[in-house]
Amino acid sequence: MKTLFVNGNVINVFSEEIEKNNILIENGKIIGVGNYANDSADEIIDLNGKYVCPGLIDGHIHIESTMLLPSELAKISLAHGTTTIIADPHEIANVCGKDGIDFMIEASKNLPFDVYFMLPSCVPATPFDESFSNLTADELTGFYASPKVLGLAEMMNYVGVVNKDQEIFNKIEDAKYFSKRINGHAPLLSGELLDKYISAGIKDDHECSNLNEALEKLKKGMHIMIRQGTSARNLSALIPLFKKPYSNRCMLVTDDKHPADLLNNGHIDSIIRQSVSLGADVISAIKMATLIPAEYFHLEGYGAIAPSYNADFVVFDNLEDFNVLDVYKNGNKVVENKQTLPFTTPHIKKFLYEKTKSSFNLSPLTESDFIISPKTGSVRIIKTIKNELLTEEIIKPLDFSKANGIDIDSDVIKIAVFERHNGTGHRAVCYINGLTIKDGAIATSVSHDSHNLIIAGANEKDMALAGNTVINAGGGLAVVKNGKVLSLMPLPIAGLMSELSAQEVASQNQALRDSVSALGIEQGIEPFMTTAFISLAVIPHLKITTNGLIDVDKQELVDLFV
């Protein structure tokens, strides 16, 4: 059966023009674009002058960070014009090993929404992290047989790359052998170290937080993923990249985005709207969200409206608001008037499902677990940076005669990480600035990338309660104040994802955000997403893992007291 879409303003991502054209499709493929007559098809769909662009592609996302199962993410993302994502399942792989990768592949099958995967390269991310398992090159190799696997995910261990760590190079060489892409993750890496990193075969990066960093990487042949997520928001700093010659080597990604943001603000369509508001050309933005990622990841048939391409396209009403109305996937309507149409949810094998539901091996916490024995001298304090994953180091003396060093007036509170996978009993406690918590505590099992339990708070009693609330829930996020749980978002799937609908999860997500205001947190700060990255010891400069404080630049443990 042939279907002809008539009277459309079609975005041509090759010529970067808008063309008045008809689109002829058959068996899920576009077979013609041009002045086709109505009698050339069995069915006619009149677009009435609306705009049509290829289905949007998110070139780098962690499904687990949306806290949704893939089927629920599909419902939201499709309604915002995203028809394809390229996911890195390293979050669940840190918690469940190879079974976690299998779980995500199973949970993504037969959706009206393409989910491709990059294999986790760093489980754990560094030798300082404690994950459930340590995935080797040999354990990953078998996954390359899947047509849904496009390559090796973000190589966070840049120290291992530049120092030619053998296990790291085994993973890189395997990806090359199968002619797959290798994602980068190299915040602030520059000069000769960057040269070594790229020379290993790593050709993209999504961690650029300033224009000079991005330009150096572009000039050295990398593709840049412009990230605009919930916590890391690099769009405004990188808006000049939407112009030629840079735009042809850049793509739009979310990386980590919470469900309330997806539901309320959108997915890749939101980045397009924001870029246009900042002065970017809308056609360039659409190309960066379609053709560029498709060609980069060798996704033949994706990213354009042209003969032989998949009939994946978005119908929207104007260029300024990019207001998605209808979406077609393989020629089938999957979104009608902004509403995703019903589809069958994938069946997940029982043993994989059960594996994800037993991810906590941690005893109840007490106030004493958070006490720091004072020493002479000053203390290293992690300083967070608003809307960035980067941190800085503050060194200053603290008064341990009051509140065990906590100084609310100076915005210095405690943060702690507890190993939760293997029952080691390992923990670390230090101080943090920038979360603006003035009372109470928050706790979360979403703690990149090993996903141990991380807790931040203004007093030890509430910190213990927050942590135990998450433990008892089998994972999740909690807000506590004055010995009372203000809100809880259970995440029973590996301590990372919910079993509920997208709307229910987004509602819980919003309730958490509303409740943190009771802790005195300043508006515009997303404490859970910020806290989740405080334990990721591959993003400069000072982080905390279960082994203690890490100087990320030197990749070494450092003492709390100086």
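What to note about this one:
- Alpha-carbon Rg with Dmax, taken over the stretch 355-436, Å: 15.1, 46
- Normalised radius of gyration (Cα atoms, divided by 2.2 N^0.38 Å) for the stretch 482-562: 1.39.
- Taking the C-alpha atoms of the stretch 307-455, convex hull volume expressed per residue in Å³: 240 Å³
- Förster radius 51 Å - calculated FRET efficiency between E139 and S507, Cβ distance, rounded to 0.05: 0.85
- On the chain, 47 percent of the accessible area sits on carbon and sulfur atoms, based on a 1.4 Å probe.
- Label point of F400 set 7 angstrom out along Cα-Cβ; within the stretch 407-448, amide nitrogens under 17 Å from it belong to 407, 413-415, 428-432.
- Difference of contour (0.36 nm per residue) and Cα-Cα distance, I44 to L341: 104.9 nm
- The mean sequence separation of alpha-carbon pairs under 8 Å and at least six residues apart, normalised by the residue count of the stretch 351-448, gives a relative contact order of 27 percent.
- Karplus-derived 3J(HN,Hα), 6.51/-1.76/1.60, for each residue of the stretch 238-244, Hz, glycine and proline x: 10, 4, x, 6, 6, 9, 5
- Percentage, to the nearest whole number, of Cα pairs in the stretch 136-247 over 16 Å apart: 59 percent
- Whole-Å distance, taken between Cα centres, linking the stretch 195-215 and the stretch 324-348: 36 Å
- Entry note, the stretch 243-312: relative contact order of 28 percent, from Cα contacts under 8 Å with a spacing of 6+ residues.
- Label point distance in nm, N332-E17, each placed 7 Å from Cα along Cα→Cβ: 3.5 nm
- Other residues with beta-carbon under 14 Å from the beta-carbon of D407 carry, at +1 per Lys or Arg and -1 per Asp or Glu, a net charge of +1.
- Relative contact order of the stretch 418-460, taken over Cα pairs closer than 8 Å and 6 or more residues apart, is 37 percent.
- Rounded to 5, percent antiparallel among DSSP beta bridges of the chain: 70 percent
- Å² per residue, accessible surface of the chain at 1.4 Å: 36 Å²
- Inverting the pair-averaged 1/r between distinct Cα atoms of the stretch 59-145 gives 13.4 Å as its Kirkwood hydrodynamic radius.
- Two-site FRET efficiency, N163 against L215, from Cβ-Cβ distance with R₀ of 45 Å, rounded to 0.05: 0.95
- Take 34-45, 50-61 and order them by the average number of nearby Cβ atoms within 10 Å per residue, most first; the result is 50-61, 34-45.
- Note on the chain: helix-only mean residue ellipticity at 222 nm, from DSSP H runs of 4+ residues weighted -39500 (n - 2.57) and normalised by residue number, equals -7000 deg cm²/dmol.
- Normalised by 2.2 N^0.38 Å, where N is the number of residues, the alpha-carbon radius of gyration of the chain equals 0.97.
- Additional length obtainable on full extension of the chain from I385 to N265, 0.36 nm per residue less Cα span: 40.9 nm
- Distance from the Cα centroid of the stretch 367-405 to that of the stretch 443-494 is 20 Å (rounded to whole angstrom).
- Based on the reciprocal of the average 1/r between different C-alpha atoms, the Kirkwood radius for the stretch 269-377 equals 18.9 Å.
- Size descriptor, Kirkwood hydrodynamic radius, that averages inverse alpha-carbon separations across the stretch 325-397, Å: 19.4 Å
The values are calculated or read from the model by the stated rules, or taken from the named source; none is laboratory data. A quick note: this is a predicted structure, and the numbers were derived from the prediction, not measured. Every residue, glycine as well, gets a Cβ built from its backbone with ideal geometry; the counts of neighbours run over all protein chains shown. Side chains included, ligands, DNA and RNA excluded: accessible areas come from the protein's heavy atoms. Shrake-Rupley method; radii C 1.70, N 1.55, O 1.52, S 1.80 Å.
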